[in-house]
Each structure stands twice: as structure tokens, then as C-alpha cells.
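*Asks:* This is the structure I have questions about; it appears just below.
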Amino acid sequence: MNDSKLSAMPKTIEPAGLSAPGGHYSHAVVANGFVFISGQLPIAADGTKLVDATFADQAKQVLHNVRVALEAAGSSVSQLVQVRVYVDDLANWPAFNVVYAEWAGDVKPARAVVPTGPLHFGFKVEVEAVAVLLALPRTSAES
């Protein structure tokens, strides 16, 4: 890992493939060789909120968003070290686990699944993650 990856100065990442954040936060932040992915909701790149979608479809969109953020930051699913999953009802955990296993494949980072009750906008699932970097994130000038 080169020294620039180990910079303590955080670098915010706003992936082109995700809708703009709905609050005062960044989709991802890179610091000290890690990428921190903010909680991703089932919102399509065009801003469509999948509130009425099935739990499985919401989970697939959320995990797609996590992948997009990871890749924009210079990482990947294979570099995940920790994942936090928030579900509106613990009864949705088995369905999430099926979708997650398909998405993650052989990768098994540390993970927590937290039942929360209602989530923002009435969504059923939110996921945040931490991964190590593969490469420095591209700047908007390089895109």
C-alpha cells in the first residue's frame, strides 16, 4: 500500500451511479486505507425510492448501492471487513441472508443484523459497510 492510501485526511466519495445523498453526509469516505460506506437505502440511481418493493428487491437494490459505492472508492465486495444490516423486522433476516449470500459469494466479512422497527421512508432494509482499499479512488477529473 502506498503512503497516499494511508492518509489520515478523509476523502469523500460521491459515486455517479448513486442518487445524491438525502442529508448532510457522503455515500463513502476513504481514510487510512479503508473505505467507510454510509447506510445505503433501497433508492435507485435516478432517485426512485423502492418503498413498495418486496423485501428481496429492496435488499438487492441496497446491496447494489453498496457495491457501486465500494467500487467508486477503489474497493470491492471481496475487500469487505465489516457489514451492518438494519432490518425493519427480524422476520426479514432469513430473506436478507439469502440475497446477501448470493451477492457476497464466498466473501464472509464480520456482520451484524440489527432489527430496528420502521426505517426512514418506510424502507425495510439499510446496509452500511467497511472495506479495505484495492486502489486509490478516481477523482472526478479522471472519470
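*Asks:* Give the label of the value calculated from the structure for Cα extents along the principal axes in Å, choosing from (i) 58, 40, 23; (ii) 45, 30, 22; (iii) 47, 35, 23.
*Replies:* (ii)
*Asks:* Lysine pairs, Cα distance under 19 Å, 8 or more residues apart or cross-chain: how many in the chain? Walk me through the numbers before you get to the answer.
*Replies:* Values: Lys49/Lys60; Lys49/Lys124; Lys60/Lys108; Lys60/Lys124.
Number of lysine pairs found: 4.
*Asks:* Based on the Cβ-Cβ distance of Ala44 and Leu134, what FRET efficiency does E = 1/(1 + (r/R0)^6) give at R0 = 25 Å, to the nearest 0.05?
*Replies:* Numbers: r = 26 Å, r/R0 = 1.04.
E(calc), rounded to 0.05, equals 0.45.
*Asks:* Work out from phi, with θ = phi - 60° and the Karplus expression 6.51 cos²θ - 1.76 cosθ + 1.60, the ³J(HN,Hα) of each residue of the stretch 40-53, listed in order in whole Hz, and give x for Gly and Pro.
*Replies:* For the stretch 40-53, the Karplus curve yields 9, 10, x, 10, 6, 4, 7, x, 5, 8, 8, 4, 8, 6 Hz.
*Asks:* So between Ala101 and Asp89, what do we pick up on full extension, going 0.36 nm a residue minus the alpha carbon distance? Provide the component values of the computation, followed by the final result.
*Replies:* Numbers: separation 12, 0.36 × 12 = 4.32 nm, distance 1.90 nm.
Taking Ala101 through Asp89 to full extension adds about 2.4 nm, to one decimal.
*Asks:* Any idea how far apart Val114 and Ala16 come out in nm if each label point goes 7 Å out from Cα toward Cβ?
*Replies:* Modelled inter-label distance: 3.4 nm.
*Asks:* If you don't mind, another one. How high is the relative contact order of the chain, in percent, counting Cα pairs under 8 Å that sit 6 or more residues apart? Numbers along the way, then the final one.
*Replies:* Working: 290 pairs, mean separation 42.7, N = 143.
Worked out over the chain, it gives 30 percent.
*Asks:* Could you tell me what percent of the DSSP beta bridges with both partners in the stretch 1-112 are antiparallel, to the nearest 5? Each step should come with its number before you reach the end.
*Replies:* Working: 8 of 11 bridges.
Of all bridge pairs located within the stretch 1-112, approximately 75 percent are antiparallel.
*Asks:* How far is helix 55-72 tilted, in degrees, relative to the longest principal axis of the Cα atoms in the chain, given as a value from 0 to 90 rounded to the nearest 10?
*Replies:* With both axes taken from Cα atoms, the answer is about 0 degrees.
*Asks:* Let me ask another. Explain nothing, just the number: dipole magnitude of the chain about its Cα centre with +1 on each Lys and Arg Cβ and -1 on each Asp and Glu Cβ, in debye rounded to the nearest 20.
*Replies:* Details: 10 positive and 13 negative charges, 53 e Å.
With only Lys, Arg, Asp and Glu charged at Cβ, the dipole is about 260 debye.
*Asks:* I would also like to ask the following. Under 19 Å from the 7 Å Cα→Cβ point of Met9, by amide nitrogen: which residues of the stretch 73-103?
*Replies:* From the stretch 73-103, the list is 73-74.
*Asks:* Also: With θ set to phi - 60° and the Karplus curve 6.51 cos²θ - 1.76 cosθ + 1.60, what are the ³J(HN,Hα) couplings of the stretch 95-107 in order, to the nearest whole Hz, using x for Gly and Pro?
*Replies:* Result, ordered by residue: 5, 4, 4, 5, 4, 4, 4, 5, 5, 8, x, 7, 6 Hz.
*Asks:* From the residues Ala44, Val85, Phe96, which one has its Cα farthest along the dipole of the chain in the positive direction, the dipole being from +1 and -1 charges on Cβ of Lys/Arg and Asp/Glu about the Cα centre?
*Replies:* Val85
Laboratory data are not the source of any read-out in this text; all were calculated from the coordinates shown. All values reported here derive from a predicted model rather than from experimental measurement. FYI the Cβ positions are ideal-geometry reconstructions off the backbone, even for glycines, and counts take in every protein chain you see.
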